[in-house]
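The values are calculated or read from the model by the stated rules, or taken from the named source; none is laboratory data. These numbers were taken from a predicted model, which means no experiment stands behind them. Don't worry about glycine lacking a Cβ; one is built from the backbone with ideal geometry, like all the others, and counts go over all protein chains shown.
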């Protein structure tokens, strides 16, 4: 009866690297690959108070120095468009220099009324049903962390954990297979864990960072290589619904992951 | 017959002009005159603006816009400082990211040379892999085009730049997957 020498197994079977109990120091580290899935900002950054003040200041200087507007070139003399433009320009001058500064030509009351009626008529014709949406989405107010419309100005990253075992929050991670390249392992494991219903793109073959958790003395070294990916459409739909996921900014990630993990991961993420 | 002979004779000096008439600015297409007036305005005393004119009250308007020379210089320096701080923050962040990547690649080189060399390979966007060719064979025309649209080694077309306001449709949660080989 041939006895199969049993190798010391951890609770999870390791497909790639094995270590024998007789060897004092384990040779090969256990490689995992993780994907840092980033939803890039949808909205432009808001200008700060100083930036807005500076732009307003520069605009006034430019208005003081610019050439007189060649109205006869752009508008037909006496047309409605010209009347509208002149009325808007008078308003802008009042806003820039104050009410009493620019000497306005004296217009008769009926001429003013006629101009106003013409401008209102044009506004009615030009009005469209497309309204600009506000930059703050309802999911911001409700704090829906699974929404991909939340925090339009920021970079959002995907964090995942097992609902049942209450593992700590981390980026979607899986073990690297022996015959595969690392970025292929990352892609495969990511699809297995988070589902196929997302339009994602892994940026390069090169890992953007690594994390080495502290392991006991005799255990093999564990290294996780991170790969950067972007999501363009879709949502996480794990194959087994025993997974929680959240889309978080860098500051929100800091409060949720373990301290050791944060120290390893923080430099790979975008501040804004 | 004699009448036709009479009508054919014309005194040249009165009925046929032998020289060009000077151009009358009030006749013909006025648009050229408008353009000429815009490009070359009357008072070209105040240079160096491109067409040579400023508004009538330019001197006092500029005084109104700029509080004082010192104030203007202070604002200018504050702006340059602000830009410098933003730039430095961005450069530091990039430096940290690069350092992370460099350390990861050094570690990978120590662990496994083959994986390291493969990671350093750059995908040629002009080539399709065998797996991709095989998968494309079985697809109908439209699906094959959608499949071919994502090119390995290039940025995807769907990666949009930020806008000032969100789109009216919002994020597309109902995206249907396209099977691609890993």
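With modelled with pLDDT of 90 or more, within 13 Å of chain B (Cβ to nearest Cβ), in a helix (DSSP H, G or I) and in contact with a helix residue (DSSP H, G or I) (Cβ under 6 Å, 6 or more places away or on another chain) as the only criterion, which of A:52, A:60, A:84 stands out?
A:60
Criterion first (touching a strand residue (DSSP E or B) at 6+ places or on another chain (Cβ under 7 Å), within 15 Å of residue A:224 (Cβ to Cβ) and buried (at least 19 other Cβ atoms within 10 Å of the Cβ)) does residue A:159 satisfy it? Taking the combined requirement at face value, the residue satisfies it. Among the residues of the stretch A:175-190, are any at the interface with another protein chain (Cβ under 10 Å from one of its Cβ atoms), under 28 Å from residue B:164 (Cβ atoms), in contact with a helix residue (DSSP H, G or I) (Cβ under 6 Å, 6 or more places away or on another chain) and surrounded by 19 or more Cβ atoms within 10 Å (Cβ to Cβ)? Within the stretch A:175-190, not a single residue is at the interface with another protein chain (Cβ under 10 Å from one of its Cβ atoms), under 28 Å from residue B:164 (Cβ atoms), in contact with a helix residue (DSSP H, G or I) (Cβ under 6 Å, 6 or more places away or on another chain) and surrounded by 19 or more Cβ atoms within 10 Å (Cβ to Cβ). Looking only at residues in the stretch B:96-130 that are away from chain A (no Cβ under 11 Å) and in a helix (DSSP H, G or I), the one that is nearest to the chain's Cα centre (by Cα) is B:130. Of all the criteria given as (1) in a loop (DSSP other than H, G, I, E, B); (2) more than 17 Å from the chain's Cα centre (by Cα); (3) within 23 Å of residue A:185 (Cα to Cα), the one not satisfied by residue A:224 is (1). Residue B:88 satisfies every condition listed in (1) facing another protein chain (nearest Cβ under 10 Å); (2) at pLDDT 95 or above except (1). For the stretch A:246-265, the set of residues classified as over 16 Å from the mean Cα position of the chain (by Cα) and touching a residue at least 12 places away in the same chain (Cβ under 8 Å) consists of A:254, A:256, A:257, A:258, A:260, A:261, A:264, A:265, listed by residue number. Selection within the stretch B:47-65: residues that are assigned to a loop (DSSP other than H, G, I, E, B) and either more than 7 Å from chain A (Cβ to nearest Cβ) or exposed (fewer than 15 other Cβ atoms within 10 Å of the Cβ) (or both). The member of this set that is modelled with the highest pLDDT is B:57.
Given the condition at pLDDT 95 or above, surrounded by fewer than 16 Cβ atoms within 10 Å (Cβ to Cβ) and more than 10 Å from chain B (Cβ to nearest Cβ), answer yes or no: does some residue in the stretch A:232-254 qualify? Taking every residue of the stretch A:232-254 in turn, at least one turns out to be at pLDDT 95 or above, surrounded by fewer than 16 Cβ atoms within 10 Å (Cβ to Cβ) and more than 10 Å from chain B (Cβ to nearest Cβ). Tell me which residues, restricted to the stretch A:162-178, are assigned to a loop (DSSP other than H, G, I, E, B) and more than 22 Å from residue A:269 (Cα to Cα). Those that are assigned to a loop (DSSP other than H, G, I, E, B) and more than 22 Å from residue A:269 (Cα to Cα): A:163, A:164, A:165, A:166, A:176, A:177, A:178.
Screening the stretch A:33-49 for residues that are in a loop (DSSP other than H, G, I, E, B) and touching a residue at least 40 places away in the same chain (Cβ under 8 Å) and picking the one that is farthest from residue B:119 (Cα to Cα) gives A:46. As for the stretch A:105-115, it holds no residue that is within 39 Å of the chain's Cα centre (by Cα) and either assigned to a helix (DSSP H, G or I) or more than 11 Å from chain B (Cβ to nearest Cβ) (or both).
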